[in-house]
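Colleague: Pasting a structure below so you can have a look.
The values are calculated or read from the model by the stated rules, or taken from the named source; none is laboratory data. Owing to the predicted nature of the structure, the values given are computational and were not obtained by experimental measurement. Every residue, glycine as well, gets a Cβ built from its backbone with ideal geometry; the counts of neighbours run over all protein chains shown.
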Amino acid sequence: MGDRRQRTAPHLPRAPFPLPTGPAFWRSPVRGVRFTAVLGVVLLAGITLLFVTGLLSYAAYNPDLAAVNDKTPAKGLLGFYLFDWPTGPHWLYRLTQGLHVTVGIVLVPVLLAKLWSVVPKLFALPPARSAGHALERCSVLLLVGGALFQFVTGLLNIQLEYLFPGSFYPLHFYGAWVFFAAFLTHTCLKLPRALRVLRRGLPAAQDELASPAPAAETVSRRGALAVVGAGSLLLLVTSAGRSFDGGVRQTALLTPRGGAEPGTGPNGFQINKTAAHVGVTPAETGADWRLTVVGPAGETQLSRARLLSMGQHSAALPIACVEGWSTSDQWWRGVRLRDLAALAGFPEDPPGVLVESLQRSGPFRSVALRDNQVRDPRSLLALAVNGEDLSPDHGFPARVIVPAAPGVMNTKWVSRLTFGELR
Amino acid sequence: MRVLRRWYGEGPLHLLLMVSSLALAGYAGVRLLDGDTLLILVWFVGAALVHDLVLVPLYSAADRALRVPFSRSPGLVNFVRVPLLLSGLLLLMWFPLITRHAERYEPASGMSPDRFLGNWLLITAALFAVSASWLVVRTVRARRRATKGRPSASH
């Protein structure tokens, strides 16, 4: 903060060997409070959107419903806002999570430019002018470390490159809160001045970020902002397509899940995890496969033929992944979850259900769905998609599909449904 | 109040804001670090350090080296600098896929990661091609203006 009081004399004598600790070391004529303020205001809007959509995604997993859904059992008050994730509109998660990841990707150049614009402050001497300044610098470390930590873990996660030290869910969730605490403080401290400078400008002598001995200009501030914008635009064009099917997906040239679909025909759309990858074999999903349905009526074993003989219903729903990619609506057909609940002994007002999969690995091989999700008439145990039997990679013999739920909540290769007891 | 200013250096609101923010960060931070504490700390603080002390000096030095051959007409450097920067940004963000380091991608998604390297190279080529055409248009325009006898625009 105290920047206002620490002013650089406009014409410092140039030291023979300028050090990064002195303002004369930083010679780019682009740096200046106004340049930083523009980037800061863009980040304020963008990161607020990332935080809100991130919290929504966290709520979409219904972590407060059952232990199997909760990858952050120590969350305490950080889950204060949790609510029952709705089933409509059916594209809700597709929208919020598509925005979360795509806007995150697009903001990378803005973040890097913002950090570049204020890097002289890192080296400014003395390291702390007062106790208040020292506290503020601690907070800035959390801000910069937090921002980079969140962006890096997010970018690695969508590339399935799990280099980070632990499970993505707790790291990205708790990291977000650490970052957001520092982000909020930084906004309170800096926004008033940023807005003032954007509205009324700033005399050069009061611009502590402007170089006192600028090098010859090779690009104007406006030009530099245009380059940052071009970077964001390039990222948007090469990634937004991953939230759509077919030709539009082909435009996502550099992002995971962009390009051509993995297959052709009714089952050709995006696969989160293939059967082979999670250890589901044809032997387990063949004629001997049985679905176990558990409830007050006892335990019932259902073959696929038996499921097909029950009332079949349709729903047009997308797959929307936490990684930000999604498919357009697919036409699913199968047995309503609420009809299976009736079979289990809940003829009316069915409760939630614990869904278990045959898959060997993956943090969501069993998930709990809430009562509102079971009751929605579009929530199916799907047996077919787009007019054909499910393929092994899309969950044959049977999979769950629930409107507006995150992709992994739509369990594939279902082996057991336990109504009422979610554990 | 004056005592606080002298001792703390900022107003009371600043102090309240700092304490509440650091307390919230601490509350979440304890939970963040519950696990491989040291490594998570290294990632969190290291992200800032690697950015500020490695990435920024590295691209600043590269930029300085790039400017040397253009010292006589500094404006021209942007025609190389901008496509190089954008291409580098894409590589920085997608290196696990571009370098085929992300080994889970293909078995999990059923999609080949082979296209990323090629696409990145093609995008890089396109960026330089756009930059080159821009330079050609600018040069031709400048020549025309010069031959019409008007004073040429300063670059």
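Colleague: Under the condition of being assigned to a loop (DSSP other than H, G, I, E, B), in contact with a helix residue (DSSP H, G or I) (Cβ under 6 Å, 6 or more places away or on another chain) and more than 7 Å from chain B (Cβ to nearest Cβ), which residue from segment A:237-259 is surrounded by the fewest Cβ atoms within 10 Å (Cβ to Cβ)?
Modeller: Per the criteria, the residue is A:Thr251.
Colleague: With A:Phe151, A:Phe173, A:Phe164, A:Phe168 as the choices, which residue is more than 7 Å from chain B (Cβ to nearest Cβ), hydrophobic (A, V, I, L, M, F, W, C) and either farther than 27 Å from A:Leu189 by Cα or touching an Asp or Glu at 6+ places or on another chain (Cβ under 9 Å) (or both)?
Modeller: Step by step, each of A:Phe151, A:Phe173, A:Phe164, A:Phe168 is checked, and only A:Phe168 is more than 7 Å from chain B (Cβ to nearest Cβ), hydrophobic (A, V, I, L, M, F, W, C) and either farther than 27 Å from A:Leu189 by Cα or touching an Asp or Glu at 6+ places or on another chain (Cβ under 9 Å) (or both).
Colleague: Restricting attention to segment A:263-297, which residues are aliphatic (A, V, I, L, M) and more than 25 Å from the chain's Cα centre (by Cα)?
Modeller: The answer is A:Ala276, A:Val280, A:Ala283, A:Ala287, A:Leu291, A:Val293, A:Val294, A:Ala297.
Colleague: Report yes if A:Glu136 is among the acidic types (Asp, Glu) and either closer than 29 Å to A:Pro29 by Cβ or in contact (Cβ under 8 Å) with a residue 40 or more places away in the chain (or both), otherwise no.
Modeller: yes
Colleague: To continue, here is another question. With (1) farther than 22 Å from B:His101 by Cβ; (2) buried (at least 21 other Cβ atoms within 10 Å of the Cβ); (3) at the interface with another protein chain (Cβ under 7 Å from one of its Cβ atoms) as the list, and A:Val219 as the residue in question, which single condition is left unmet?
Modeller: Checking A:Val219 against (1) farther than 22 Å from B:His101 by Cβ; (2) buried (at least 21 other Cβ atoms within 10 Å of the Cβ); (3) at the interface with another protein chain (Cβ under 7 Å from one of its Cβ atoms), the one that fails is (2).
Colleague: Hey, another quick one. Inside segment B:1-25, can you point out the residues that are surrounded by fewer than 16 Cβ atoms within 10 Å (Cβ to Cβ) and either basic (Lys, Arg) or not in a loop (DSSP other than H, G, I, E, B) (or both)?
Modeller: Result: B:Arg2, B:Val3, B:Leu4, B:Arg5, B:Arg6, B:Trp7, B:Pro12, B:Leu13, B:Leu16, B:Val19, B:Ser20, B:Ala23.
Colleague: Which numbered condition in (1) in a helix (DSSP H, G or I); (2) closer than 24 Å to B:Gly35 by Cα; (3) more than 7 Å from every other protein chain (Cβ to nearest Cβ) is the only one that A:Thr72 fails?
Modeller: (1)
Colleague: Additional query: For B:Arg31, state whether it is under 30 Å from B:Val130 (Cα atoms), at the interface with chain A (Cβ under 7 Å from one of its Cβ atoms) and more than 22 Å from the chain's Cα centre (by Cα).
Modeller: The answer is no for B:Arg31.
For every residue, the table says whether it meets (1) within 22 Å of A:Val355 (Cβ to Cβ); (2) in the same structural domain as A:Leu340 (by TED's automatic domain parsing); (3) at pLDDT below 95; (4) of a type in the set (D, E, K, R).
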site	(1), (2), (3), (4)
A:Val228	no, no, no, no
A:Asp245	no, no, yes, yes
A:Gly268	no, no, no, no
A:Ala275	yes, no, no, no
A:Val294	yes, yes, no, no
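Colleague: Another question about this same structure. Name every residue in segment A:398-423 that is part of a loop (DSSP other than H, G, I, E, B), farther than 16 Å from A:Leu95 by Cα and of a type in the set (A, V, I, L, M, F, W, C), in order of residue number.
Modeller: A:Ala398, A:Trp413, A:Leu422
Colleague: Restricting the search to segment A:302-339, which residues are in a strand (DSSP E or B) and over 16 Å from A:Arg399 (Cα atoms)?
Modeller: Across segment A:302-339, the qualifying residue is only A:Ser326.
Colleague: Pick from A:Gly104, A:Gly145: which is in the same structural domain as A:Tyr174 (by TED's automatic domain parsing), crowded, with 22+ Cβ neighbours inside 10 Å and over 30 Å from A:Phe244 (Cβ atoms)?
Modeller: A:Gly145
Colleague: Another question about this same structure. Name the pairs whose Cβ atoms lie under 9 Å apart, with the first residue in segment A:284-301 and under 15 Å from A:Pro347 (Cβ atoms), the second aromatic (Phe, Trp, Tyr) and surrounded by 14 or more Cβ atoms within 10 Å (Cβ to Cβ), and 6 or more positions between them or separate chains?
Modeller: Final answer for the pair search is A:Val293/A:Phe419; A:Gly295/A:Phe346; A:Gly295/A:Phe419; A:Pro296/A:Phe346; A:Pro296/A:Phe419; A:Ala297/A:Phe346.
Colleague: Could you look through segment B:108-130, keep only residues that are of a type in the set (Gly, Ala, Ser) and more than 11 Å from chain A (Cβ to nearest Cβ), and pick out the one that is farthest from A:Trp325 (Cα to Cα)?
Modeller: So the residue we want is B:Ala129.
Colleague: While we're here: For the condition aliphatic (A, V, I, L, M), surrounded by 20 or more Cβ atoms within 10 Å (Cβ to Cβ), within 26 Å of B:Pro107 (Cβ to Cβ) and out of contact with any Asp or Glu (no Cβ under 9 Å at 6 or more places or on another chain), what is the one hit in A:Ala368, A:Ala382?
Modeller: Values: A:Ala368 fails: within 26 Å of B:Pro107 (Cβ to Cβ).
Unique residue meeting the criteria: A:Ala382.
Colleague: Within segment A:357-380, is there a residue that is more than 24 Å from A:Glu299 (Cβ to Cβ), modelled with pLDDT under 95 and of a type in the set (Ser, Thr, Tyr)?
Modeller: Yes, segment A:357-380 contains a residue that is more than 24 Å from A:Glu299 (Cβ to Cβ), modelled with pLDDT under 95 and of a type in the set (Ser, Thr, Tyr).
Colleague: Does B:Leu41 satisfy the condition of being within 13 Å of the chain's Cα centre (by Cα) and surrounded by 14 or more Cβ atoms within 10 Å (Cβ to Cβ)?
Modeller: Judged against the criteria, B:Leu41 is not a match.
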